[in-house]
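Take a look at the structure below.
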Amino acid sequence: QAQLVESGGGLVQAGGSLRLSCAASGRIFSFYYMGWFRQAPGKEREFVAVIGWSGATIYYADSVKGRFTISRDNAKNAVYLQMNSLKPDDTAVYYCAATPTGLEADTRKYSYWGQGTQVTVSS
């Protein structure tokens with residue numbers, strides 16, 4: 001069974017940092033593009049960042065560019081999201097997802113999803 005498991009969420013003050021992790025089963029991770037999305041209460045799920053298999057290709061949402069960094073460790077079947085200079089608007093459930101097609105921002109292109117991890121940024 002293909003599986004993605006996120007961790008690392010929590011409560012942080014504005015301006016602080018958090019690092020999210022996503023552990024993937026090998027079947028998903030090999031040659032898949034790995035993305036992060038987030039969903040705030042009452043809002044649609046939105047794209048945050050995506051990384052190619054080698055790590056050489058990356059795409060960020062404008063709202064997080066310069067503050068968030070996506071990376072992956074293929075030896076560990078893991079993908080990470082380093083979040084710096086956090087703002088209250090970053091409060092959401094963050095999801096890890098996998099797609100075989102490319103640097104996708106559309107949720108419909110992703111085949112596998114984790115259960116999500118809550119990030120809360122206080123002002």
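In the set (1) without any contact (Cβ under 8 Å) to a residue 60 or more places away in the chain; (2) farther than 12 Å from Gly35 by Cβ; (3) buried (at least 22 other Cβ atoms within 10 Å of the Cβ), the condition left unmet by Met83 is number (1).
Among the residues of the stretch 11-53, those that are farther than 18 Å from Ala75 by Cβ and loosely packed, with under 13 Cβ neighbours inside 10 Å comprise Leu11, Gln13, Gly15, Ser17, Pro41, Gly42, Lys43, Glu44.
Scanning the stretch 54-80 for residues that are open to solvent by 60 Å² or more (accessible area, probe 1.4 Å), within 13 Å of the chain's Cα centre (by Cα) and of a type in the set (Val, Ile, Thr) yields a count of 2. The residues listed here are Thr101, Thr69; of these, the one that is farther than 17 Å from Gly114 by Cα and modelled with pLDDT under 95 is Thr101.
The values are calculated or read from the model by the stated rules, or taken from the named source; none is laboratory data. Please read all numbers here as calculations on a predicted model, not as lab measurements. For neighbour counting, all protein chains shown are included, and Cβ atoms are generated from backbone atoms with ideal geometry for every residue, glycine included. Side chains included, ligands, DNA and RNA excluded: accessible areas come from the protein's heavy atoms. Shrake-Rupley method; radii C 1.70, N 1.55, O 1.52, S 1.80 Å.
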